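Beneath this line is the structure, given in structure tokens, with notes to follow.
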Amino acid sequence: MGGVEGKPEMVWVPETKLEAQMVEAMQRRASQGTAMKSFNSIILKFPKIDQSFRKCKAIFEQFDEDSNGAIDHEELKKCLRELDVSFTEEEINDLFKACDINEDMGVKFNEFIVLLCLVYLLKDNATALETKSRMGMPNLEATFETLVDAFVFLDKNKDGYVSKNEMVQAINESGERSSGRIAMKRFEEMDWDKNGSVNFKEFLFAFTRWVGIDDLEDEEEEV
């Protein structure tokens with residue numbers, strides 16, 4: 001997405017308006033610091049995050065009005081209205097396009113989780129902070145905050161992207177043996193477009209896989 005071959009590794013140019021907003025919001029969050037101390041502390045939170053994600057299923061089903069296993073454009077607009085989150089038509093289109101990874105005109109459950117977390121990040125502004133809960137889902141928002149925190153921990157230079165070097169650095173800090181190999185594997189799982197940098201959306205999609213939300217989808221399709 002952002003990097004172009006031949007440019008220095010650390011310079012990433014957001015390709016979409018939404019990506020630029022994500023990067024900006026993440027840089028704002030990074031200035032507040034992170035509570036994460038190591039990559040291990042992120043891994044230890046996997047079970048709790050998994051549990052929280054699964055509770056989202058009811059919200060997803062509520063908005064998937066035709067019960068076809070995906071939220072279409074109109075259902076998404078209704079969902080954001082219900083959550084009292086105001087986005088312009090253009091922003092909703094961008095979110096939908098960004099999260100509909102397989103471009104089948106529907107946001108599946110794991111894509112929906114990513115979308116909600118991006119909504120949470122993008123609404124992280126002064127007015128939103130005055131209200132205790134941004135989307136009326138405090139437990140889920142606590143999980144999203146953990147994920148934002150984890151990304152900030154990995155993004156050492158606070159540019160809104162995680163590079164391969166930053167991933168290696170983060171995993172080295174945890175002092176694991178064979179950490180370089182683990183770092184590379186985790187990084188490859190996150191870097192969907194193989195451009196050497198990971199934005200928050202790519203990080204979230206990797207996370208739904210790590211905690212097994214993708215498997216949940218497949219199990220249900222087989223039934």
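If R0 is taken as 35 Å, the Cβ-Cβ distance between Gln32 and Asp66 corresponds to a FRET efficiency of 0.30.
Between amide H atoms placed 1.01 Å from N, distances below 5 Å from Ile71 occur with Val107, Lys108, all of them 5 or more places distant or on a separate chain. Taking every protein chain into account, the accessible area of region 55-213 amounts to 44 square angstrom per residue (probe 1.4 Å). As a fraction of the 1.4 Å probe accessible area of region 55-213, surface on carbon and sulfur atoms comes out at 50 percent.
Note on Lys97 and Ile43: the extension gain reaches 16.5 nm, defined as 0.36 nm multiplied by sequence separation minus the Cα-Cα distance.
Charge tally around Gln169: other residues with Cβ under 12 Å, Lys/Arg +1 each, Asp/Glu -1 each, net -1. Taking the alpha carbon gyration tensor of region 55-213, multiplying each eigenvalue by 5 and rooting it gives semi-axes of 29, 18, 14 Å, largest first. Bridgeable lysines around Lys164 (alpha carbons under 22 Å apart, same-chain partners fewer than 8 residues away excluded): Lys7, Lys37, Lys156, Lys185, Lys194, Lys201.
Placing dummy labels 7 Å off each Cα toward the beta-carbon, the span from Ala142 to Arg81 is 3.2 nm.
The values are calculated or read from the model by the stated rules, or taken from the named source; none is laboratory data. Source: prediction; values computed, not measured. Virtual Cβ from ideal backbone geometry, glycine too; neighbours counted across all protein chains shown. Areas reflect the complete protein model, heavy atoms only, side chains present, ligands, DNA and RNA absent. Shrake-Rupley method; radii C 1.70, N 1.55, O 1.52, S 1.80 Å.
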